[in-house]
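*Asks:* Got a structure for you, questions after.
The values are calculated or read from the model by the stated rules, or taken from the named source; none is laboratory data. Small disclaimer: the values here were computed from a predicted structure and weren't measured. Using ideal geometry, Cβ is built from the backbone for each residue, glycine included, and neighbour counts are taken over all protein chains shown. With ligands, DNA and RNA removed, areas are computed over all heavy atoms of the protein, side chains included. Shrake-Rupley method; radii C 1.70, N 1.55, O 1.52, S 1.80 Å.
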Amino acid sequence: MAEKHGSLTINSENIFPIIKKWMYSDQDIFFRELVSNGSDAITKLRQLALMGDYTQPDDIEYKIEVKVSSKNKTIRFIDNGLGMTADEVDKYINQIAFSGAKEFLDKFKDKGGADQIIGHFGLGFYSAFMVADRVTIDTKSWEKDSAPVLWSCDGGTDFMMTDGSRTETGTTITLFLNDESVKYANYYTAEEILHKYCEFMPNPIYLTDEDLGQQTEDIPEEEITEKDTVIKKFTKPAVTEEKKKDDGTTETVEKEPEKKMATIVKRPVMLNDTHPLWTKSPSTCTKEEYISFYQKVFSDYREPLFWIHLNMDYPFTLKGILYFPKLNPHIDKLEGTIKLYNNQVFVADNIKEVIPEYLMLLKGVIDCPDLPLNVSRSALQNDGFVQKVSGYITKKVAEKLTGMFKTQRDDYNKYWNDINPFIKYGVMRDEKFYDRMKDALIFRNLDGKYLTLKECIDENKEKHPNTIYYYTDEKEQSQYINMFKNSGIDAVCLDQSIDSPYISFLESKNKDLHFMRLDAQVSEAFRDSSVKEEDLKADTDSLTKIFRDALKNDKLNVKVEKLTDPSVSALIALDEQDHRMQEMMKMYAAYGESMPFTGKEQETLVLNAGNDLVQHILKAPDSEDTPVLCRQLYDLARLSHGTLEPDEMTEFIRRSNDILRRLAK
């Protein structure tokens, strides 16, 4: 063909600044765009061959090669797909975004919001100009007798097109990198990026460092294939060793026999898995394969608890695997990773339009070719279809969990401690998810038994109707837990930061239901029923004054009760709503946020009138030991309720030592 010069057919001369500034959020994404273009070209050529329109060579090995050279500051993307004719280059390359360039430029040349552009403009190739001063295309079409074409552009609106040098069907795109982007020509940088975006593309990808020249490897001669380039053949000598015999003499023993070997040009190693697990039928996948895939993709040495294999073909195509990881909610960050793919091409992590926020606590992959992606493939249009996909995913998750609850209750109970954070978050965020899951919400009681909400209420309706007692810390609240056990009163474990809003949510959904922390008040079961409140009024007045004076706190709330257990001297009771507010504040703090608290904590010191120490203080209010005993009892009550501040703990230990020293005299 005659050499052709011209200007790219566009309606603005600032197309490249727009591409560089707005089209892509991550500069390294040009790897994905160019490799996926090559993969698409191969897939289309394969389809032509299947339809009988193209006769492919018998020994064809479809592949994409990425060749980097830091020395030359170049990256080459080579595929043996269907290639392009001169007319196709003119149509698809020279007419930038021919299907809608004017609309694109008019809408976005003065804005920064290109993430909402529909992804059919054909601009992926131009991501190369984010990192390259010059780009060339050397291509040859699959069509019979087509001539190779060479296209070149330096990032302006002018291009050059002439005869190319390629002899085989396919395309070579060469990027001549600018000085700021030479880092992408480093082999290990390129490998990392290709793994990120292209690890599961459907056609083989190979990476080569051209600066290393020809590399070789030695293999047994019988392993040579027709595709290997043999440099030389040689014999590897036998390996022997001296071995001592029973009679004390030695003999030479052959450890490895002589072997015929060959030195060949090093075989390229395929970077990607062209048939990832989610593309296979669930019935053909083994437990070992699911676990291996999870550990590889998410770099998690632990095994997942269980998983859901999604496989839908109608009314839309969606495949994927969602894993329920083993979490320690007190240590691990409650955030998973769900990778979104489009025809095995990585799009992004945790796209909230497709994956509901609460499901992002899981780990997994989802591949949906029908998603309406934007031009950068990293965000979605607002589309009703997306909501259908999201709804399908949540429905399948709920079906898996409720099915396990009904048919594998022991397993469900066993997994509950790990999976409940996301379930609790989900039911609060999604009304449909709550409707599906409400009968499968369970609680672990003091005996380690798992009960549904209905079972919790029914089993305790005689002792505390419509009230469920709970504890948040087994160690700190051990005194209260023991009192409940001794009195035959049940309580459930709610020890996570999400539990405070969760129980408020359940109360809003269940009329007359109340959750009460076991240290929020003194249960009737702990009181001596023979003693009336008015009988203790005088003691209450006296002990209130004594403790306020000793603790130098004239606003201290003091209440005197006659408890059935005389060994208990004092308890701290905190209003239930204050408990919840404290937990909410902790949850906000865990996420680096602050929450204003304008209320007043209603902490009450409950003293046991049946305890000897309390009686001693009551009978000897003027004793020099009384202030010390008051402070000690108060701190002991607070320790059974929670922890002391560092300076308070230091003082408590010092005071305890003083008391022990007096007793030892």
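The rows are residues; the columns are (1) of a type in the set (S, T, N, Q); (2) modelled with pLDDT under 90; (3) more than 27 Å from ASP58 (Cα to Cα).
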residue	(1), (2), (3)
ILE219	no, no, no
GLU226	no, yes, no
PHE234	no, no, yes
PRO237	no, no, yes
THR240	yes, yes, yes
ASP246	no, yes, yes
THR249	yes, yes, yes
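*Asks:* Of everything in segment 256-294 that's in contact with an Asp or Glu (Cβ under 6 Å, 6 or more places away or on another chain) and in a loop (DSSP other than H, G, I, E, B), which residue is nearest to THR208 (Cα to Cα)?
*Replies:* Restricting to residues being in contact with an Asp or Glu (Cβ under 6 Å, 6 or more places away or on another chain) and in a loop (DSSP other than H, G, I, E, B), the top hit is LYS266.
*Asks:* Restricting attention to segment 435-450, does a residue exist that is among the β-branched types (Val, Ile, Thr), in a helix (DSSP H, G or I) and surrounded by 17 or more Cβ atoms within 10 Å (Cβ to Cβ)? Please lay out each step first, then the result.
*Replies:* Restricting attention to segment 435-450, the residues satisfying the condition of being among the β-branched types (Val, Ile, Thr) are 442.
Narrowing the set further to residues that are in a helix (DSSP H, G or I) leaves none.
No, segment 435-450 has no match at all.
*Asks:* Pairs only if they're at least six apart or on different chains, beta carbon under 8 angstrom, first in segment 513-542 and closer than 21 Å to TYR502 by Cβ, second open to solvent by 40 Å² or more (accessible area, probe 1.4 Å) and part of a loop (DSSP other than H, G, I, E, B); list them, first residue then second.
*Replies:* LEU513/ASN466; HIS514/ASN466; ALA520/ASP575
*Asks:* Being part of a loop (DSSP other than H, G, I, E, B), modelled with pLDDT under 90, among the aliphatic types (A, V, I, L, M) and under 20 Å from THR174 (Cβ atoms), is that true of even one residue in segment 122-130? Spell out the reasoning first.
*Replies:* Initially, segment 122-130 is screened for residues part of a loop (DSSP other than H, G, I, E, B), giving 122-123.
Imposing the further condition that a residue be modelled with pLDDT under 90 reduces the set to 122-123.
Remaining after also requiring among the aliphatic types (A, V, I, L, M): 123.
Still in the list and also under 20 Å from THR174 (Cβ atoms): 123.
Yes, that holds for at least one residue.
*Asks:* Go through the residues of segment 80-96 one by one and say whether even a single one is among the acidic types (Asp, Glu), within 21 Å of VAL131 (Cα to Cα) and either touching a helix residue (DSSP H, G or I) at 6+ places or on another chain (Cβ under 6 Å) or surrounded by 14 or more Cβ atoms within 10 Å (Cβ to Cβ) (or both).
*Replies:* Checked against the condition, which is being among the acidic types (Asp, Glu), within 21 Å of VAL131 (Cα to Cα) and either touching a helix residue (DSSP H, G or I) at 6+ places or on another chain (Cβ under 6 Å) or surrounded by 14 or more Cβ atoms within 10 Å (Cβ to Cβ) (or both), segment 80-96 yields no hits at all.
*Asks:* Using the structure shown, decide if LYS352 is modelled with pLDDT under 90 and more than 27 Å from LEU371 (Cα to Cα).
*Replies:* Numbers: modelled with pLDDT under 90: yes; more than 27 Å from LEU371 (Cα to Cα): no.
Spelling it out, it is not the case that LYS352 is modelled with pLDDT under 90 and more than 27 Å from LEU371 (Cα to Cα).
*Asks:* Identify all residues within segment 257-284 that are open to solvent by less than 90 Å² (accessible area, probe 1.4 Å) and in contact (Cβ under 8 Å) with a residue 60 or more places away in the chain; write none if there are none.
*Replies:* PRO268, MET270, LEU271, ASN272, ASP273, THR274, PRO276, TRP278, THR279
*Asks:* Let me ask something else. Here is a check on your reading of the model: is TYR197 under 28 Å from VAL297 (Cα atoms) and either open to solvent by 20 Å² or more (accessible area, probe 1.4 Å) or polar (S, T, N, Q) (or both)?
*Replies:* Here the answer is no, as TYR197 does not meet what is asked.
*Asks:* For segment 161-189, how many residues are surrounded by 15 or more Cβ atoms within 10 Å (Cβ to Cβ), of a type in the set (Gly, Ala, Ser) and within 30 Å of THR85 (Cβ to Cβ)?
*Replies:* Total meeting the criteria: 2.
*Asks:* A follow-up question, please. Provide a single number: the residues in segment 613-634 that are modelled with pLDDT under 90, among the charged types (D, E, K, R) and part of a helix (DSSP H, G or I).
*Replies:* Looking only at that region, the number is 1.
*Asks:* Something else: Exactly one condition in (1) outside any strand (DSSP E or B); (2) polar (S, T, N, Q); (3) out of contact with any Pro (no Cβ under 6 Å at 6 or more places or on another chain); (4) surrounded by 11 or more Cβ atoms within 10 Å (Cβ to Cβ) is false for THR225; which is it?
*Replies:* Against the list (1) outside any strand (DSSP E or B); (2) polar (S, T, N, Q); (3) out of contact with any Pro (no Cβ under 6 Å at 6 or more places or on another chain); (4) surrounded by 11 or more Cβ atoms within 10 Å (Cβ to Cβ), THR225 comes up short only on (4).
*Asks:* Take the residues in segment 459-514 that are modelled with pLDDT of 90 or more and among the small types (Gly, Ala, Ser), then tell me which one is least open to solvent (accessible area, probe 1.4 Å).
*Replies:* ALA491
*Asks:* Give just the number: which of (1) in contact with a helix residue (DSSP H, G or I) (Cβ under 7 Å, 6 or more places away or on another chain); (2) at pLDDT 90 or above; (3) hydroxyl-bearing (Ser, Thr, Tyr) does TYR54 not satisfy?
*Replies:* With respect to (1) in contact with a helix residue (DSSP H, G or I) (Cβ under 7 Å, 6 or more places away or on another chain); (2) at pLDDT 90 or above; (3) hydroxyl-bearing (Ser, Thr, Tyr), TYR54 is out only on (2).
*Asks:* What number of residues in segment 185-207 are more than 27 Å from the chain's Cα centre (by Cα) and part of a helix (DSSP H, G or I)?
*Replies:* 2
*Asks:* So which residues in segment 650-660 are over 19 Å from SER569 (Cα atoms) and either in a loop (DSSP other than H, G, I, E, B) or open to solvent by less than 60 Å² (accessible area, probe 1.4 Å) (or both)?
*Replies:* Scanning segment 650-660 gives a single hit, ASP658.
*Asks:* Right, here's the next one. Checking the structure you have, find out if any residue of segment 54-65 is in contact with a strand residue (DSSP E or B) (Cβ under 6 Å, 6 or more places away or on another chain), assigned to a helix (DSSP H, G or I), buried (at least 18 other Cβ atoms within 10 Å of the Cβ) and of a type in the set (A, V, I, L, M).
*Replies:* No, that holds for no residue.
*Asks:* Among the numbered conditions (1) among the hydroxyl-bearing types (Ser, Thr, Tyr); (2) touching a residue at least 60 places away in the same chain (Cβ under 8 Å); (3) over 30 Å from TRP307 (Cα atoms); (4) surrounded by 14 or more Cβ atoms within 10 Å (Cβ to Cβ), tell me where TYR415 comes up short.
*Replies:* (3)
*Asks:* Kindly indicate which of LEU536, LEU506, LEU571, LEU543 is under 49 Å from the mean Cα position of the chain (by Cα) and assigned to a helix (DSSP H, G or I). Walk me through how you get there before you give the answer.
*Replies:* On the way: LEU536 fails: under 49 Å from the mean Cα position of the chain (by Cα); LEU571 fails: assigned to a helix (DSSP H, G or I); LEU543 fails: under 49 Å from the mean Cα position of the chain (by Cα).
Criteria check complete, one pass: LEU506.
*Asks:* Might you check whether a residue that is in contact with a His (Cβ under 9 Å, 6 or more places away or on another chain) and farther than 30 Å from TYR294 by Cα occurs anywhere in segment 151-159?
*Replies:* Yes: one or more hits.
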